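All remarks here apply to the structure that follows.
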Amino acid sequence: MTNPSDRPAKLSCRSVWKLFGPGSGNFLETHPAPGPEDIAASGLIGAVQDVSLDVMEGEIFVIMGLSGSGKSTLVRCMSRLVEPTAGQILFDGNDLLKAGEREMIELRRHKMGMVFQHFALLPHLTVLGNVAFPLEVQGMAREPREVRAREVIQLVGLDGREDYYPRELSGGQQQRVGIARSLAVEPEIWFLDEPFSALDPLIRREMQDEFLRIQSVLKKTIVFITHDFDEAIRLADRIAIMKDGIVDQIGTPENLVMEPATPYVAEFTKEVAKPKVLSAGSIMTPAAVDASADAFCGEVNARTKIAALAASLETADRPLAVIDDAGNRVGQITRDSVISVLLRG
């Protein structure tokens, strides 16, 4: 299993601030390291406060927090849909805050994909027309843009519905169109702001499964916003938890639940069942190098959550082999170790 920290950074924030209110830029010049009390006393709103983080290439980086925590503002700062008050946004090492307006438009058209909670489909265009629209904006000729649009429509499981209009689709299908539209430009980084929160629970679960399937194929660099910790656990390689514009802690789901760095993170995660968070890789023990396949009752990916293993190990008389994403055996887990986690959880 590849550790996100072993990959190069695709996007980095360095001391990013976003203050709302008159004189915010001058305020930071005279107060280089203000606290929340200083900001409040000045009459400003500290939507994002001194945030530094790295989003690694190919990872799903989830930003979460309660309403008003600053997570959506931070993501909009990353793409400069909202202009940061101060700091650096580095994309492949280049500071986006030094890019001109035309350069940012081209970056958004060709290298950034965006999906928001509200689908914002064009009602007068078919599925094919909606998905091909960003390619039309790029100036791509009709035939190649429709070929590309059909490819991503098939990828998101909507083949056969190319000629449907948005009003003829369910909510989940409309969101798939939004996802396909953002993927049509083959973005290098993909921003998703609570894309499934408007969906019914069952459809939401199906869309999470579909999202993970698409990511297993495309391996995009993804920044995903949610306020739902269960959703974050399912999707994230790493999670940043925000409170009042400040990033409280960044870590894997297991880190956050087992080693909360602040009282807020501990409170935020205390009701999470540990079997839903801990993975096979986190509780595995070494397996004999020369062990044959017969020594195991099966195999499981190191990412698999413990809660999903209970049934397969209920009557097992041998360990399960734990494998990484490349199919290499990296350890083993036993029935007793899984039961121990389930009981603690």
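The values are calculated or read from the model by the stated rules, or taken from the named source; none is laboratory data. No experiment lies behind these values; they were computed from the predicted model shown. Glycine gets a Cβ as well: all are built from the backbone with ideal geometry, and neighbour counts include every protein chain shown.
Of note:
- In the range 159-210, the qualifying residues are those that are β-branched (Val, Ile, Thr) and over 17 Å from the mean Cα position of the chain (by Cα), and the one that is nearest to residue 104 (Cα to Cα) is 185.
- Unmet requirement for residue 26, which otherwise passes all of (1) within 25 Å of the chain's Cα centre (by Cα); (2) free of Cβ contacts under 8 Å to residues at least 24 places away in the same chain: (1)
- Here residue 252 meets the list (1) surrounded by fewer than 17 Cβ atoms within 10 Å (Cβ to Cβ); (2) among the hydroxyl-bearing types (Ser, Thr, Tyr); (3) under 20 Å from residue 191 (Cα atoms) almost entirely, failing just condition (1).
- Residue match in the range 252-267 (condition: under 28 Å from residue 65 (Cβ atoms), in the same structural domain as residue 73 (by TED's automatic domain parsing) and of a type in the set (Gly, Ala, Ser)): yes
- Of all the criteria given as (1) within 23 Å of residue 81 (Cβ to Cβ); (2) in a helix (DSSP H, G or I), the one not satisfied by residue 128 is (1).
- Across the range 112-155, the number of residues qualifying as touching a residue at least 12 places away in the same chain (Cβ under 8 Å) and either acidic (Asp, Glu) or surrounded by 15 or more Cβ atoms within 10 Å (Cβ to Cβ) (or both) comes to 26.
- Filtering the range 195-232 to residues that are within 23 Å of residue 8 (Cβ to Cβ) and basic (Lys, Arg) leaves 219, 220.
- If the condition is being in a helix (DSSP H, G or I) and aliphatic (A, V, I, L, M), then the range 97-121 contributes 97, 104, 105, 107.
- Some residue of the range 89-98 being among the β-branched types (Val, Ile, Thr), touching a Cys at 6+ places or on another chain (Cβ under 9 Å) and within 30 Å of residue 231 (Cβ to Cβ): yes
- Test: residue in the range 125-135 that is aromatic (Phe, Trp, Tyr) and either at pLDDT 90 or above or within 15 Å of the chain's Cα centre (by Cα) (or both): yes
- Applying the condition of being of a type in the set (A, V, I, L, M) and modelled with pLDDT under 95 to the range 51-74 and asking which residue is nearest to residue 98 (Cα to Cα) yields 64.
- Condition met for residue 290 (out of contact with any Phe, Trp or Tyr (no Cβ under 9 Å at 6 or more places or on another chain), farther than 30 Å from residue 13 by Cα and free of Cβ contacts under 8 Å to residues at least 60 places away in the same chain): yes
- One residue from 97, 128, 169 being among the hydrophobic types (A, V, I, L, M, F, W, C) and under 30 Å from residue 52 (Cα atoms): 97
- Residue 158 being part of a helix (DSSP H, G or I), modelled with pLDDT under 95 and crowded, with 17+ Cβ neighbours inside 10 Å: no
- Helices (runs of 4 or more DSSP H) contained entirely in the range 1-96, each with at least 1 residues that are surrounded by fewer than 18 Cβ atoms within 10 Å (Cβ to Cβ) and not charged (D, E, K, R): 24-30, 36-41
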